[in-house]
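Colleague: Here it is, the structure in full.
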Amino acid sequence: MELNKEELIELGFKHISWCDEWSYCINNIEICASLHSVIMYIEGESYKTNATTIQDIKDLIRLFK
(Lines give C-alpha, C1' and ligand atoms only; values in the text may rest on other atoms or scores of the structure.)
Protein backbone atom coordinates (compact mmCIF):
# COMPACT_ATOMS: atom_id res chain seq x y z
CA MET A 1 0.00 0.00 0.00
CA GLU A 2 1.45 3.33 -1.01
CA LEU A 3 0.14 6.48 0.63
CA ASN A 4 0.63 9.92 -0.81
CA LYS A 5 1.32 12.24 2.12
CA GLU A 6 0.22 15.32 0.18
CA GLU A 7 -3.20 13.80 -0.41
CA LEU A 8 -3.49 12.76 3.23
CA ILE A 9 -2.66 16.32 4.31
CA GLU A 10 -5.31 17.67 1.89
CA LEU A 11 -7.85 15.34 3.50
CA GLY A 12 -6.98 16.71 6.94
CA PHE A 13 -4.75 13.92 8.27
CA LYS A 14 -2.09 14.80 10.85
CA HIS A 15 1.27 13.04 10.89
CA ILE A 16 2.17 11.14 14.06
CA SER A 17 5.96 11.07 13.92
CA TRP A 18 6.69 8.64 16.76
CA CYS A 19 4.83 5.79 15.03
CA ASP A 20 5.01 7.01 11.40
CA GLU A 21 1.23 7.01 10.96
CA TRP A 22 -1.33 9.52 9.78
CA SER A 23 -4.43 10.23 11.85
CA TYR A 24 -7.81 11.75 11.04
CA CYS A 25 -10.61 12.25 13.59
CA ILE A 26 -14.35 12.45 12.95
CA ASN A 27 -16.35 12.86 16.16
CA ASN A 28 -15.59 9.65 18.16
CA ILE A 29 -13.94 7.91 15.22
CA GLU A 30 -10.24 7.98 14.38
CA ILE A 31 -8.79 6.71 11.11
CA CYS A 32 -5.11 5.78 11.28
CA ALA A 33 -3.22 5.11 8.07
CA SER A 34 0.26 3.57 7.93
CA LEU A 35 2.31 2.00 5.18
CA HIS A 36 0.77 -1.39 5.92
CA SER A 37 -2.85 -0.83 6.89
CA VAL A 38 -5.72 1.50 7.68
CA ILE A 39 -7.23 1.00 11.11
CA MET A 40 -10.33 2.66 12.53
CA TYR A 41 -10.83 3.32 16.22
CA ILE A 42 -14.47 3.65 17.20
CA GLU A 43 -15.07 4.45 20.87
CA GLY A 44 -11.81 2.76 21.87
CA GLU A 45 -12.24 -0.41 19.79
CA SER A 46 -9.92 -0.99 16.83
CA TYR A 47 -11.11 -2.29 13.45
CA LYS A 48 -8.77 -3.17 10.62
CA THR A 49 -10.16 -2.06 7.26
CA ASN A 50 -9.50 -3.35 3.78
CA ALA A 51 -8.70 0.18 2.53
CA THR A 52 -5.60 0.19 0.31
CA THR A 53 -5.91 3.38 -1.73
CA ILE A 54 -6.50 7.06 -1.14
CA GLN A 55 -9.93 6.62 -2.74
CA ASP A 56 -10.77 3.92 -0.17
CA ILE A 57 -9.77 6.30 2.62
CA LYS A 58 -11.90 9.08 1.08
CA ASP A 59 -14.84 6.67 0.99
CA LEU A 60 -14.36 5.84 4.70
CA ILE A 61 -14.33 9.53 5.58
CA ARG A 62 -17.43 10.18 3.48
CA LEU A 63 -19.20 7.21 5.11
CA PHE A 64 -18.63 8.48 8.65
CA LYS A 65 -19.11 12.23 8.15
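The values are calculated or read from the model by the stated rules, or taken from the named source; none is laboratory data. What you see is a predicted model; the values in this text were computed from it and never measured. Positions of Cβ are generated from backbone atoms using ideal geometry, with glycine treated the same way; all protein chains shown enter the neighbour counts.
Colleague: Every residue in segment 38-54 that is within 12 Å of the chain's Cα centre (by Cα) and over 17 Å from ILE16 (Cβ atoms), please.
Modeller: Result: TYR47, LYS48, THR49, ASN50, ALA51, THR52, THR53, ILE54.
Colleague: Right, something else. Quick one: THR52 ticks every box in (1) surrounded by 10 or more Cβ atoms within 10 Å (Cβ to Cβ); (2) without any contact (Cβ under 8 Å) to a residue 12 or more places away in the chain; (3) not basic (Lys, Arg) except a single one, so which number is it?
Modeller: That leaves (2) as the condition not met.
Colleague: Let me ask you something else. For segment 13-36, how many residues are in contact with a strand residue (DSSP E or B) (Cβ under 6 Å, 6 or more places away or on another chain) and either of a type in the set (Gly, Ala, Ser) or at pLDDT below 90 (or both)?
Modeller: Here the count works out to 3.
Colleague: Scan segment 18-34 residue by residue and report those that are out of contact with any helix residue (DSSP H, G or I) (no Cβ under 9 Å at 6 or more places or on another chain) and either farther than 17 Å from GLU7 by Cβ or exposed (fewer than 10 other Cβ atoms within 10 Å of the Cβ) (or both).
Modeller: Residues satisfying the conditions are TRP18, CYS19, ASP20, CYS25, ASN28, GLU30.
Colleague: Of these, ILE31, ILE26, ILE42, ILE16, which one is more than 13 Å from PHE64 (Cβ to Cβ) and not small (Gly, Ala, Ser)?
Modeller: Result: ILE16 is the single residue among ILE31, ILE26, ILE42, ILE16 that is more than 13 Å from PHE64 (Cβ to Cβ) and not small (Gly, Ala, Ser).
Colleague: Please state which one of SER46, SER23, SER34, SER17 is in contact with a Lys or Arg (Cβ under 6 Å, 6 or more places away or on another chain) and without any contact (Cβ under 8 Å) to a residue 40 or more places away in the chain.
Modeller: SER23
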